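Report on the structure given below.
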Amino acid sequence: MTALDGGFHSPATQSATAFRGVMTVMAQPGHIVSLTGAEPPAPLSAAAGAVVLTLCDADTALHLAGEMDSPEVREWIAFHTGAPLTAPADCAFALGRWDALMPLAQFPVGTAQYPDRSATLIVEVDRLDACGATLTGPGIQDRAQLSVPDTDALIANHALFPLGLDFILTCEDRVAAVPRSTTLTAPEVN
Amino acid sequence: MYVAVKGGERAIENAHAWLAEERRGDPSVDALSIEQIREQLSLAVNRVMAEGSLYDADLAALAIKQARGDLIEAIFLIRAYRTTLPRFGGSAPVDTGRMTCARRVSATFKDVPGGQILGPTFDYTHRLLDFKLAADGDVPDADTRSAEPTHVPHVTAFLNREGLIEDAPADDTPPPDLTREPLELPASRALRLQALARADEGFTLGMAYSTQRGYARNHAFVGELRIGSVPVEMDIPELGFAVEIGEIEVTECETVNQFKGSKTEPPQFTRGYGLVFGQTERKAISMALVDRALRWEELGEDNQGAPAQDAEFVLYHGDNIQATGFLEHIKLPHYVDFQSELELVRKLRREAGAPPVQEAAE
Amino acid sequence: MGLLAKAPAARVTALLTEHPAFDWLRPPEVGSTMVRGRAGGTGAPFNLGEITVTRCALRLSCGAVGHAYVQGRDKAHAQAAALVDALMQTEAAPRIRDTVLDPLDREAQAKRRTRAAKAAATKVEFFTMVRGED
């Protein structure tokens, strides 16, 4: 197993399938789907690997945070995506665990003219279940629940709308998303 | 605004079939091959590559065939194809000092080191129709003189040694890319050069000619015009070093322009620059003249209000695909828009007391 | 790698007569590279336009890895270039150099010399005459 392995063996169909998966979770915040086909080096999960293979290329600057910034991960990303690695302030995508990505203020949130010039954070989480914070907003029928890492930070991010960051949460082979358009309510403490 | 209309599928299919038949022409005449277009209409191919902004001679030749020789339509096809390609990265800037020149002339110095090389030029032809070509004769081989391939230095480098011309110091700022981010003003020189390199040749020529006739006059000499091949080198992320991935033919024009000096700069010559894919010297010279005219602000010159000094005017109107797209869309159905205009004019006429006219069938 | 990329596709595929077994690390893929120039030939870089490029990566059964990035859209060209790149890291290297790389190099040099010789034949000496009054 080297940096040259672990990519999609059938890039056209697998990246299309993975793109459909990412689009589904973005369009339906809180919805969890399975993403397979990538075998990235640790500590990247299969789902995060598939997201990177699908969304990153030479035109999308990527920031690797914390333990993600290892020679193995760098080499794998270089071969399979060609994405240039940058500092948080210049990135289109960032990859890391929640704590390593802090503070969120270091990432671009877009401009009033171009709200799309903002970062999408791919966050590796330990658990990803349909429980926890309550999600409402575009793409959600009534309400959804998702185990998000920090509800307050995501509420603050939503307050920036139409600016703000978008979050893709990955755990093993599962992925969910919390775009900036989603309204969150903290889980009730029992 | 135009609105979607339904229907007409059958008519459209039949129109396409007829178009295909017309494209083929008289079936008793041999069909053109892509290779014939690539080899024998190479300057048309070069123009399509330059303005299509994609260097691939076979694709350009195919586009010309498909477009029945309509070069703007061919450029449109290339631009559309280009958007389907994943981009692997950006090359290192091509080093035109390492060019293997097929042509290299200077209008400013007759004795340039490396010599004046005419190359395969139309310049000294008599522009008389050659009826021998109609008879499809073979051509004799061009003469040769033994020579080793060498690189020749840029003419502006000589002026530079005396400090008589502005410097163009190397710099490695990643350039903005108008195929990725929309063109915004004020546009840096890098962005202007990208826009000019893919701009319509006729538009660029007209703009350049206007500067020669006195609109933003800046009296250009062709310091050097060179055509030849340069290697394209790219950093390969997985290898961690740069390799040559191919070779392209380009035309480069450097103009030398009078400059009286400004508060910060002594009197010296300034430069205009043109670089275009393929053998495209009319375009490269035009690009250099327009580039120089657009530099008035950074050189502290007066705005004479000339069209060629107006970056917004030049950059937003030089792209023939944007222009043709907007221009030609007005022939598509605008029935709803026009209905409302019709109602408005009728209302105004009623109010003005004009006699009613018999309504035309709508 | 540059030699293989710049050679005509048909020559590379014709000269490479060895076809060892391999696995794709990245099957041939057609894309583009943005070619840059420099303002004034030496100044700040700008984007000139794109070229088509085909790339691939493969691994021979012995473990040697070959990469290719070649101009154009010819997948067989990219595959042959990657095979040569991989074989050059094996015992076959001297043989591949003799049968593929050296001939390609000679052909490329001959082509360059022919162009240079044609260009040299169009070299002119201009003599300044009396300047006209205009």
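Derivation of every value follows stated rules applied to the coordinates shown; laboratory data play no part. Everything numeric in this text was worked out from a predicted model, so none of it was measured. Using ideal geometry, Cβ is built from the backbone for each residue, glycine included, and neighbour counts are taken over all protein chains shown.
A few remarks follow.
- Given R0 = 56 Å, the distance between the Cβ atoms of B:Arg349 and A:Glu72 translates into a calculated FRET efficiency of 0.10.
- Pairwise centroid distance, computed over Cα atoms, of segment B:41-97 with segment A:35-103, Å: 33
- Label-point separation in nm, B:Phe338 to B:Gln36, each point 7 Å along Cα→Cβ: 4.1
- Spin-label model distance (nm) - A:Ser34 vs B:His126, 7 Å beyond Cα toward Cβ: 8.1
- Taken residue by residue and averaged, Cβ atoms of other chains lying within 10 Å of the Cβ of B:90-99 number 6.
- Between the beta carbons of A:Ala156 and A:Ser10, assuming R0 = 56 Å, the FRET efficiency works out to 0.85 to the nearest 0.05.
- Cut-off under 5 Å, modelled amide H: who pairs with C:Gly49 long-range: C:Val35
- Two-decimal Rg/Rh across chain A, once Rg and the Kirkwood Rh are taken from alpha-carbon atoms: 0.95
- Stokes-Einstein D for the protein assembly as shown, Kirkwood Rh over Cα pairs, 10 °C, 1.306 mPa s (µm²/s): 55
- Convex hull volume per residue in cubic angstrom - Cα atoms of segment A:77-190: 123
- Ratio Rg/Rh [Cα only; Rh per Kirkwood] for segment B:9-82: 1.02
- Our coupling estimate for segment B:271-278, obtained by passing each phi through the Karplus curve with A = 6.51, B = -1.76, C = 1.60 and θ = phi - 60°, is 10, x, 9, x, 9, 9, 4, x Hz, Gly and Pro reported as x.
- Phi-based couplings in Hz for segment A:21-33 (Karplus 6.51, -1.76, 1.60; Gly and Pro marked x): x, 5, 5, 4, 6, 5, 6, 10, x, x, 6, 10, 10
- Comparing B:Glu351, B:Glu312, B:Glu148 in a Gaussian network model of chain B (Cα springs below 10 Å), the most mobile by mean-square fluctuation is B:Glu351.
- Measuring spread by the Cα atoms of segment C:2-120 yields a radius of gyration and Dmax of 16.4, 49 Å.
- GNM result for chain C, Cα springs below 10 Å: residue of C:Thr52, C:Thr122, C:Thr114 fluctuating most strongly: C:Thr122
- Convex hull projection area averaged over all views, chain B, Cα basis, nm²: 28.5
- Cα-centred dipole magnitude for the protein assembly as shown, charges only on beta-carbon of K, R (+1) and D, E (-1), debye, nearest 20: 1380
- Helix-only arithmetic for the protein assembly as shown: the sum of -39500 (n - 2.57) across DSSP H runs with n ≥ 4, divided by the residue total, places the mean residue ellipticity at 222 nm at -10000 deg cm²/dmol.
- Environment charge of B:Arg217, counting only residues whose C-beta is closer than 13 Å and scoring Lys/Arg +1, Asp/Glu -1: +1
- Exceeding the 25 Å Cα-Cα cut-off - candidates B:Lys132/C:Lys118; B:Lys65/B:Lys283; B:Lys65/C:Lys118; C:Lys6/C:Lys123; C:Lys6/C:Lys75; B:Lys6/B:Lys331: B:Lys65/C:Lys118; C:Lys6/C:Lys123
- Overall, the anisotropy analysis places segment A:147-187 in the oblate class: the square-rooted eigenvalues a ≥ b ≥ c of its C-alpha gyration tensor yield a/c not less than 1.5, with a/b not exceeding b/c.
- Per-selection Kirkwood Rh - segment B:230-309 (Cα, Å, 1 d.p.): 15.0
- Cβ-defined net charge surrounding C:Arg55, 9 Å radius [Lys, Arg +1; Asp, Glu -1]: 0
- For chain B, the longest site-free run once chymotrypsin sites (Phe, Trp or Tyr not before Pro) in DSSP loop states with at most 11 other Cβ atoms within 10 Å are removed: B:125-362
- Other residues whose C-beta falls under 11 angstrom from the C-beta of C:Ala78 contribute a net charge of +1, scoring Lys and Arg +1 and Asp and Glu -1.
- In this structure, the amide hydrogen of B:Gln116, modeled 1.01 Å from its nitrogen in the peptide plane, lies closer than 5 angstrom to those of C:Val124, counting only residues at least 5 positions away or on a different chain.
- The P(r) of segment C:1-64 has a tail past 15 Å containing 70 percent of all C-alpha pairs.
- Each residue of segment A:61-67 was assigned a 3J(HN,Hα) from its phi angle through the Karplus curve 6.51 cos²θ - 1.76 cosθ + 1.60 (θ = phi - 60°); the sequence is 6, 10, 10, 9, 9, x, 5 Hz, with glycine and proline shown as x.
- Folded to 0 to 90 degrees: helix C:102-120 orientation relative to chain C principal axis, Cα: 10
- Normalised by residue number, the volume inside the convex hull of the Cα atoms of segment B:144-244 is 228 Å³ per residue.
- Result for chain A in a Gaussian network model with C-alpha springs under 10 Å: among A:Asp142, A:Asp126, A:Asp57, the largest mean-square fluctuation is at A:Asp142.
- Semi-axes of the equivalent ellipsoid for segment B:210-362, computed as √(5λ) from the eigenvalues of its C-alpha gyration tensor and ordered from largest down, come to 49, 27, 14 Å.
- Axis angle, to the nearest 10 degrees, between helix A:71-80 and the longest C-alpha principal axis of chain A: 80 degrees.
- Assuming charge only on the beta carbon of Lys and Arg (+1) and of Asp and Glu (-1), the dipole of segment B:9-82 about its Cα centre is about 200 debye to the nearest 20.
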